[in-house]
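I have placed the structure first, in the form of structure tokens, so that the comments after it can refer back to it.
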Amino acid sequence: MRYSQLFGKTSKTVSKDATVASHRLLLQAGFIRQLSAGRYTFLPLGLKVCRKIESIIRQEVEKTGAQELIVPTLHPLELWQQANRDKKFGAAMMRVTDRNGAEFTLGATAEVIMLDLVKQFAPSYKDLPINIYQFSQKFRDEARPSGGLLRVREFVMKDGYSFHVDEADLKITYQKYWDAYLEIAKRMDLNVTIVESDNGAIGGSVSHEFMVESTVGEDTIVTCSCGYAANLEKATFVKEDKNSSEAEADLSEVKAPRGNTMEDGVALHQKPLWQQIKDVVFVDDSGRFILAIIRGDFMVNETKLKNLIQANELRHATDEEIRNKLHSEPGFISPVGIKDVLIVADDSLKNLKNAYGGSNKKNIDLININFGRDYQTDIVGDIAETQVDYLCPQCKKEKLKLVKAVEFGNIFNIGFAYSDPMDGNFIAQDGTSQKMYMGSYGIGIGRALAIDVETHHDEKGIIWPKEIAPYQVHLIALDGLGEDLYQELLSQNIEVLFDDRSSVSAGAKFADADLIGIPIRLVISKRSQESGGIEFKLRSDKESKIIDSKNLVSEITSFYT
RNA sequence: CGGGGAUUGGCGCAACUGGCUAGCGCGCAGCGUUUGGGACGCUGAGGUUGCAGGUUCGAAUCCUGUAUCCCCGACCA
């Protein structure tokens, strides 16, 4: 490709809105352009990289036995409703209506479509496992896109789906995808941490995310030196016993002229934070009021809570709702004597003796509150959010670390989450109809590309890993030379970006080459010829060397193999 | 969804409390001189200041509405 003909240019300036390095560099180097919030055009250079990433993914994913196909972008809403997935995705789901009034959703993921497709072939156990995948545009109406390509509303995803006779069979494919994803990350020069994760809107129980540590990440992963790794949404920790052997004292009311915060309670009663009961009131998408209670030094993890009560969405109750619906008082909420609310307790409260907290009446607190004796709960479980330095649940010795990360890909064990509501059956060996066990596997191409830039750049520009660079060689021609070399490299099937501009200074060409980040830079000039050949420099190196033109092709090909 | 900021040639920005023909840099086009780390000179093209309404002799500037973009927050009562 001749640079002079390339559509899309580098620019010296870029909007100050682009604060994330990958966003800024991709804009500046002419790989992407923004259309609207969370929607980006991939320019020719950017698309080249996408194609290479796709190619790696194809090669590795097909090793799991997956076969590529493609389904439509518009999914009949009815199918989503069958599996109740329209509610799970909620506002993030884009909807369109055709001229006949038929409702569709713009595909956000394709479990229901793929299952519907598989059902059309009435599979028997002999056909299973079925392992299919596609690359396609996905639409998610994210509340707040951010970080350039890191969080967008429209993106290409490789999404794979597998269908099995049972979980044991799924696990074989699951492991193959696990290995494939590790290989993909390796070829893209990404350092991934695999974490246990929440299944979220996809459904099912077990899943893993492939995360790349980055300060610009929106996810937080919890890790331990013993090997434990989980997404914060899922991570657990050891809840140390505080005072379970203490004798239960009598419950009593005391005057409490204090503010509404936990700290106010600590200051007034002169007791530890952990002995206070923290009360948080939520309302879910079906209008239920939920009182989440937890030990005072812990925080409520909304994802865990949502899963425990099987809600799709949660929001905080307003002060008015707390007063009018629960007949309580913000800042003085208590599980003792409260009505018309689902009480969900963190299991940390079971062994907490003689706790203190509000009374549902302003400026009156209760002391010596005891679980089971003074209040009843509807659900008890783990709703606590893991924090740094909490004790690892696996080795029970080391302190946990929290790190920001970006999700590169994920694999889901989704079980019967779709087969159940959609009658996704297969014919078993004994002739009976049984539900298929499903898995699903995703990688976002644009995000993968962005993480690569995020982890491979310097102050001058991008430094592409060799397998996904838009071109293999960036040839800079000075002094009117280069045409013959360009032709020769092309004839050797080397992918060349040839900076053939005649009216641009050498410095500008070097700066552009650094910005674009192709791994090998060649310079042909009078000076290089006087030195005996062609200047060869790796983007990742400071030093260059002169290579005899006879050896150039082998030097390049050996770098790439 | 709540709060804050922004919107002016392709890009980055300026034009103070209303006042002359809306400027500057980059980029772009032409000519010439340059050519190893973002060269220089001259000439030139390109804007109904996001949109709609209002106030005024006069609006990029003030007011109202609206759209879009960015940032922060969306939890501990």
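The values are calculated or read from the model by the stated rules, or taken from the named source; none is laboratory data. The shown structure was predicted, so the numbers you read here are calculated from the model rather than taken from an experiment. No Cβ is skipped: glycine too gets one built from the backbone with ideal geometry, and neighbour counts run over all protein chains shown.
On the given criteria, is A:Q59 modelled with pLDDT of 90 or more and exposed (fewer than 15 other Cβ atoms within 10 Å of the Cβ)? Yes, satisfied. For region A:322-347, how many residues meet the condition of being part of a loop (DSSP other than H, G, I, E, B), polar (S, T, N, Q) and either over 12 Å from A:K278 (Cα atoms) or not assigned by TED's automatic domain parsing to the domain that holds A:W274 (or both)? Residues flagged as part of a loop (DSSP other than H, G, I, E, B), polar (S, T, N, Q) and either over 12 Å from A:K278 (Cα atoms) or not assigned by TED's automatic domain parsing to the domain that holds A:W274 (or both) within region A:322-347 amount to 1.
Within region A:131-151, restricting attention to residues that are of a type in the set (D, E, K, R) and buried (at least 17 other Cβ atoms within 10 Å of the Cβ), the residue that is nearest to the chain's Cα centre (by Cα) is A:R151. Test A:I132 against the criterion of being in contact with a His (Cβ under 9 Å, 6 or more places away or on another chain) and either closer than 30 Å to A:A448 by Cα or outside the structural domain of A:Y161 (by TED's automatic domain parsing) (or both), and give yes or no. So A:I132 does not fit the description; no.
In region A:509-540, the residue that is surrounded by the fewest Cβ atoms within 10 Å (Cβ to Cβ) out of those that are assigned to a helix (DSSP H, G or I) and of a type in the set (D, E, K, R) is A:E530.
From the list A:F408, A:F371, A:F412, the one residue that fits, being touching a residue at least 24 places away in the same chain (Cβ under 8 Å), surrounded by 17 or more Cβ atoms within 10 Å (Cβ to Cβ) and in the same structural domain as A:F282 (by TED's automatic domain parsing), is A:F371. For region A:74-104, filtering for residues that are more than 22 Å from A:I411 (Cα to Cα), under 22 Å from the mean Cα position of the chain (by Cα) and not in a helix (DSSP H, G or I) leaves 1. Can you find, within region A:500-530, the residue that is nearest to A:V473 (Cα to Cα) among those that are within 6 Å of RNA strand B (Cβ to nearest atom) and aliphatic (A, V, I, L, M)? Ranking the qualifying residues of region A:500-530, first place goes to A:V523. For region A:263-291, a residue qualifies if it is at pLDDT 90 or above, under 35 Å from the mean Cα position of the chain (by Cα) and more than 19 Å from A:V380 (Cβ to Cβ), and exactly one does: A:L273.
Taken over region A:453-479, the criterion of being crowded, with 24+ Cβ neighbours inside 10 Å and assigned to a loop (DSSP other than H, G, I, E, B) is satisfied by A:W464, A:A469, A:P470. Selection of region A:105-125 for residues being in a loop (DSSP other than H, G, I, E, B) and either without any contact (Cβ under 8 Å) to a residue 40 or more places away in the chain or under 28 Å from A:E60 (Cβ atoms) (or both) yields A:G107, A:A108, A:T109, A:A110, A:Q120, A:F121, A:P123, A:Y125.
Among the residues of region A:541-561, those identified as part of a strand (DSSP E or B) and hydrophobic (A, V, I, L, M, F, W, C) are A:I546, A:I547.
Mind checking whether some residue in region A:241-262 is within 14 Å of the chain's Cα centre (by Cα), among the small types (G, A, S) and within 16 Å of RNA strand B (Cβ to nearest atom)? There is no residue in region A:241-262 that is within 14 Å of the chain's Cα centre (by Cα), among the small types (G, A, S) and within 16 Å of RNA strand B (Cβ to nearest atom).
Of the strands (runs of 3 or more DSSP E) entirely within region A:126-202, none holds at least 2 residues that are touching a Cys at 6+ places or on another chain (Cβ under 8 Å) and of a type outside the set (S, T, N, Q). In this structure, is A:I294 outside any loop (DSSP other than H, G, I, E, B), touching a Lys or Arg at 6+ places or on another chain (Cβ under 8 Å) and near RNA strand B (Cβ under 10 Å from one of its atoms)? Answer is yes for this residue.
Only a single item in (1) buried (at least 19 other Cβ atoms within 10 Å of the Cβ); (2) over 17 Å from A:F282 (Cα atoms) is not met by A:N363, and it is number (1).
Results for (1) assigned by TED's automatic domain parsing to the domain that holds A:D512; (2) touching a residue at least 24 places away in the same chain (Cβ under 8 Å); (3) under 22 Å from A:G217 (Cα atoms); (4) within 12 Å of RNA strand B (Cβ to nearest atom), shown as yes or no for each residue.
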position	(1), (2), (3), (4)
A:R2	no, yes, no, no
A:H23	no, yes, yes, yes
A:L26	no, yes, yes, no
A:G30	no, yes, no, yes
A:S36	no, no, yes, yes
A:L47	no, no, no, no
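Of everything listed in (1) within 13 Å of RNA strand B (Cβ to nearest atom); (2) touching a Cys at 6+ places or on another chain (Cβ under 8 Å); (3) of a type in the set (A, V, I, L, M, F, W, C), the single unmet condition for A:F289 is (2).
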